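One structure is given below, encoded as structure tokens.
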Amino acid sequence: MELQTLLPEWIQPGTFAYNVVLFLIITTAALVIGWIIRKFFLVRIVDTTQRYRIRKMLNLLGYVLIILVAILIFAEQRSYLTLSIGFISAGIAFALQEVILSVAGWISIFSSRVFKPGDRISMQNVKGDVIDVGILKTTLMEIGEWVSGDNYTGRIVQISNSAVFKGAVYNYSTDFPFVWDEIAIPVRFGSDVQKVQEILAHVIKEYLLEYSRFAAEEWKVLVRRYLIEDARVDPIIYTELTDNWINFTLRYVVDYKKRKSTKTKLFLAIHQYVEASQGRVKIGSATYEIVGMPDLSIRDQKNKH
């Protein structure tokens, strides 16, 4: 028995309803196949970066195939297709402005390399590592907030891709995978300043010099790519006299993911060198000088009476 005799007249092959049902069946089959691929094949890929890229490529390919199937199925129903496009366009213009802007942001993110998965960014007052870039939203693993340093909070934050058009996007890693950081060491007056400089020189050589050489090479690449001046990336020591101590500031470049750990190593090393200086170097602390006291004898006499 033929299919046409089993179906009612309004859903016969070639009608608009038939094409809609056929499109839904093909779309459902495509989604099921995609789920099977992700469930049983992608999990076997050990490299997380490769698995992520393949999954995103399959998703994009699925969207393209669904659009092509819709065009092929409804190509003969031009009157219905034109009417549908008109209604869809009106709805999009009125109600889906944010969605369109998010899709445009997604295109901008990938075309202009604003950021990519794995980058550390700050956007819409949220700081974190990008773990996924979807068509509508970017997903971050949040850092900072109630925890000190650049540690994860455990919260996953989703931000609309339209945010790239509404404010600044700070990227800590694209093209230049390090940032400048600094530590301040207050030293008491009367300490051996030459010894302090020797201590900082030892610390620079032990913990910072090798990475600064790598940073110098990366900065040269950045200078060739962008209109930017050639900056100094090797560690620098600044000295400042204050009312209470001599302030030594060590400025250096560091991997954007190792700011806290590097600072900890530097402070511990400086503390060991200071302790080994046998009093030649002393760390400063806040002091207060009392220049006068009220006359308490008069108040005491009044209290006696």
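Throughout, read-outs are computed from the coordinates displayed, never taken from laboratory work. Just so you know, these numbers come straight off a predicted model, no measurement behind them. A quick note on method: Cβ atoms are made from the backbone with ideal geometry, for glycine too, and the neighbour counts reach across all protein chains shown.
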Per residue of region 211-222, in order, report the coupling 6.51 cos²θ - 1.76 cosθ + 1.60 (Karplus, θ = phi - 60°) as ³J(HN,Hα) in whole Hz, putting x for Gly and Pro.
-> 6, 5, 5, 4, 5, 4, 5, 5, 5, 4, 5, 5
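As a quick test, which of the pairs Lys220/Lys258; Lys137/Lys257; Lys116/Lys265; Lys220/Lys265; Lys258/Lys282 have an alpha carbon distance above 26 angstrom in this structure?
Among Lys220/Lys258; Lys137/Lys257; Lys116/Lys265; Lys220/Lys265; Lys258/Lys282, the Cα-Cα distance tops 26 Å for Lys116/Lys265; Lys220/Lys265; Lys258/Lys282.
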Please find the FRET efficiency linking Val64 to Ile156, where r is the Cβ-Cβ separation and R0 is fixed at 22 Å, and quote it to the nearest 0.05.
-> 0.20
From fewest to most C-beta neighbours within 10 Å, the residues Ile156, Ile109 line up as Ile156, Ile109
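I want the local charge near Asp181. Using Cβ-Cβ distances under 13 Å, sum +1 for each Lys or Arg and -1 for each Asp or Glu among the other residues. Provide the component values of the computation, followed by the final result.
On the way: positive: Arg251, Lys257, Lys258, Arg259, Lys260, Lys263, Lys265; negative: Asp150, Glu182, Asp255.
Result for the local shell: +4.
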Specify which residue in the list Ile159, Ser112, Asn125 is farthest towards the positive end of the charge dipole of region 109-171, using unit charges on the beta carbon of Lys, Arg (+1) and Asp, Glu (-1), about the Cα centre.
-> Ser112
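When Lys and Arg each count +1 and Asp and Glu each count -1, what net charge do the other residues less than 12 Å away from Asp192, Cβ to Cβ, add up to? Write out the running numbers ahead of the final one.
Working: positive: Arg188, Lys195, Arg280, Lys282; negative: Glu198.
Net local charge, Asp192 excluded: +3.
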Stretchable slack from Lys220 to Ala276, in nm (0.36 nm times residue separation minus alpha-carbon distance) | 16.2 nm
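Give me the Kirkwood hydrodynamic radius of region 178-275, using the inverse of the mean 1/r over all pairs of distinct Cα atoms, in Å to one decimal.
Result for region 178-275, one decimal place: 14.5 Å.
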Vicinal HN-Hα couplings computed from phi for region 196-210 (Karplus, 6.51 cos²θ - 1.76 cosθ + 1.60; Hz; Gly/Pro x) = 4, 5, 5, 4, 5, 5, 5, 5, 4, 5, 7, 10, 10, 5, 5
